[in-house]
Amino acid sequence: MKKSLKLLAVTAVLALCGLHSLSATPLDFKNSVGVYGLFNTPVVGIQYQRWCTDRIGFQTTGFVQYDQSDPVVNIQNDDGFSFSISGEFHLKLFETPFGTKSASVLYAWVLGGYHGFSDARYVEPVGEWDTPGYIAGYYEPTGFKSNAVLGIGFGFDIMFLNHLSIPIQFGFSGEFPNQTQAGFCFGTGVRYRF
């Protein structure tokens, strides 16, 4: 009897939570998790987003990668250890609900982050390739490097089926002081809102 009452109570609580989800719109869900990539930057990986108020939000993105390839044999300079962690501040500019299951949000973003990676330099080949003393070109590890990542731009979030969203961001970003680069960036991903 007690087991049945507990089961009935748990079922009722779950049903009430489910009913709330049926009446909620995508704009009611303030948290989301998913995968994301801001191209031409090291801002890729798993992402968490939260809208703290109706206008202010933040998101964090991060990844870790390790490849144990032999740098003398493998001629790619991105082998080794690499990681990135970044945070974005969001300011909501405009939102539009499309019925009860879909919506879109336009926002401005400012990005700050850190990118650490093992670096290498290319050593030129020695001799002619068809002679016995030929030594092929290769990448020689030069140590671990640290970069700051900064960016600014606009984005919009397309939400559908109450819980799914596709963020699309564009703007300008840069990475410095090692292997300095700056320019236009574009990013997208897929997230689950809750």
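Structural remarks
- Only one entry in A120, A182, A148 is modelled with pLDDT under 85, within 27 Å of the chain's Cα centre (by Cα) and of a type outside the set (D, E, K, R), namely A120.
- Any hit, segment 108-115, residues being assigned to a strand (DSSP E or B) and farther than 22 Å from F39 by Cα: no
- For segment 164-179, taking the residues that are without any contact (Cβ under 8 Å) to a residue 40 or more places away in the chain, assigned to a strand (DSSP E or B) and farther than 30 Å from A103 by Cα, the one that is farthest from the chain's Cα centre (by Cα) is identified as F176.
- When segment 123-145 is filtered for residues that are among the charged types (D, E, K, R), at pLDDT below 85 and in contact with a strand residue (DSSP E or B) (Cβ under 8 Å, 6 or more places away or on another chain), only E140 remains.
- Within segment 90-142, the residues that satisfy the criterion of being among the acidic types (D, E) and either surrounded by 14 or more Cβ atoms within 10 Å (Cβ to Cβ) or touching an Asp or Glu at 6+ places or on another chain (Cβ under 7 Å) (or both) are E95, D119.
- Selection within segment 167-194 - open to solvent by 40 Å² or more (accessible area, probe 1.4 Å), under 16 Å from T60 (Cα atoms) and of a type in the set (A, V, I, L, M): V190
- Y138 closer than 26 Å to Y48 by Cβ and touching a residue at least 24 places away in the same chain (Cβ under 8 Å): no
- Breaking point among (1) open to solvent by 20 Å² or more (accessible area, probe 1.4 Å); (2) touching a residue at least 60 places away in the same chain (Cβ under 8 Å); (3) hydrophobic (A, V, I, L, M, F, W, C), for M159: (1)
The values are calculated or read from the model by the stated rules, or taken from the named source; none is laboratory data. As the structure is a computational prediction, the values presented were derived from the model and not from experiment. Heads up, the Cβs are rebuilt from the backbone with ideal geometry, glycines too, and the neighbour counts pull from every protein chain shown. Accessible surface is based on the protein model in full, side chains and every heavy atom, while ligands, DNA and RNA are left aside. Shrake-Rupley method; radii C 1.70, N 1.55, O 1.52, S 1.80 Å.
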